[in-house]
1. Could you tell me the center-to-center distance, by alpha carbons, between segment 400-422 and segment 164-232 in angstrom?
2. What ranking of 237, 350 emerges when the number of other C-beta atoms within 10 Å of each C-beta is taken as an exposure proxy, fewest first?
3. Could you give the distance between the Cα centres of segment 90-125 and segment 283-305, to the whole Å?
4. Which three extents, in whole angstrom, do the alpha-carbon atoms of segment 267-342 cover along their principal axes, largest first?
5. Short version: what are the Cα gyration tensor semi-axes of the chain, square root of 5 times each eigenvalue, largest first, in whole Å?
6. What list do you get for 197, 288, 154 if you sort them by fewest beta carbons within 10 Å?
7. Per residue, how big is the convex hull around the C-alpha atoms of segment 52-184? Give it to me in cubic angstrom, could you?
8. Tell me, in nm to one decimal, what length is gained between residue 318 and residue 396 on full extension, where the rule is 0.36 nm per residue of separation less the Cα-Cα distance?
């Protein structure tokens with residue numbers, strides 16, 4: 001039996017081979033993009049303890065990078081890991097980074113630690129998930145990475161097994177992670193701007209690299225990559241519950257119009273003349289920025305004030321119905337007015353004004369809803385050791401109640417922000 005020349009059976013293998021060749025080419029490209037620029041690694045751990053000055057510098061840098069924020073759980077041993085970063089793709093758990101040889105990084109070399117920071121690759125060669133913010137840490141200098149390594153080698157070793165990430169297929173595969181990195185990650189050193197001052201460049205280094213501010217304050221696309229032109233433009237936190245406001249917009253969290261000392265006060269003490277931090281940012285101040293030098297905080301303030309302005313597009317706000325506003329007004333009078341005032345005027349240095357409050361007026365109502373549900377607490381710092389706090393109301397107010405009072409606050413005393421629905425409240429939960 002013969003095959004007729006030109007029949008489909010003769011063309012199909014060529015098409016299939018072409019497709020296979022294309023897939024192999026793409027796989028090779030992804031593989032190359034994930035290893036380009038990586039140097040050979042010396043796997044010999046340092047034998048002798050380093051200079052105490054280097055260790056002290058590493059301790060300071062660990063504060064600046066807020067390493068404890070993820071690698072230390074409440075009540076747990078320092079840097080023993082276990083903290084969860086909840087993302088739309090599943091939960092990623094921070095590993096043990098104490099010098100324990102069995103479960104920590106006791107057998108890591110300085111070169112392997114640098115590779116993790118700069119290239120996002122573990123000691124055994126596995127690609128790391130960007131919940132560890134190596135897209136920012138890649139800008140950390142080798143000298144600072146070595147100081148961090150020296151400090152972490154000096155802390156108490158803790159034998160504590162790492163938790164397995166809870167990620168469904170395909171997010172739990174190295175192949176999927178490799179594709180993500182090929183699309184969204186480029187290893188590279190910090191690049192200052194020679195025409196700027198040394199202080200501005202120091203601020204840029206702290207904000208962009210060690211403090212990794214853009215990791216939270218930027219919006220992300222459906223694959224979890226930073227959206228084009230979205231750096232510092234605000235975005236939901238990885239767990240989708242809190243909103244990290246835009247640092248490019250004075251109507252959200254931009255400090256372009258603040259005096260520098262007010263920015264320093266906010267980062268150092270958690271409070272300033274403009275208000276107080278709460279939610280995840282309160283944790284950052286508590287575990288990180290309150291310990292930074294005034295000089296470094298001033299440098300950060302200079303850089304943050306120079307972020308180009310990008311105001312979000314404002315749309316006409318539809319007024320909520322009289323039934324919702326009436327319900328919200330009654331709840332506000334019962335639960336809120338005694339502190340925040342009958343006209344939302346607040347009490348200076350104690351209870352924030354709600355009239356004109358930019359945290360109340362943002363398009364995203366996530367933070368307002370969360371504060372009503374969970375309470376609002378500024379961090380306890382040396383400069384503000386006994387901060388005033390707002391109690392949680394999630395146990396006494398229903399979802400409908402929270403939506404009504406949030407809407408009332410956003411549409412009273414001259415405020416004009418979109419109404420909050422019960423569905424919005426449920427999404428935040």
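Every number in this text was worked out from the coordinates using simple rules, so none of it is lab data. As the structure is a computational prediction, the values presented were derived from the model and not from experiment. Every residue, glycine among them, receives a Cβ derived from its backbone with ideal geometry; neighbour counts consider all protein chains shown.
1. 34 Å
2. With the sparsest Cβ surroundings first, the list reads 350, 237.
3. For segment 90-125 versus segment 283-305, the Cα centre distance is 27 Å.
4. In descending order, the Cα extents are 52, 32, 20 Å.
5. So the three semi-axes of the chain are 42, 32, 21 Å.
6. Lowest count first: 197, 154, 288.
7. Dividing the Cα hull volume of segment 52-184 by its residues yields 107 Å³.
8. Computed gain between residue 318 and residue 396 is 25.3 nm.
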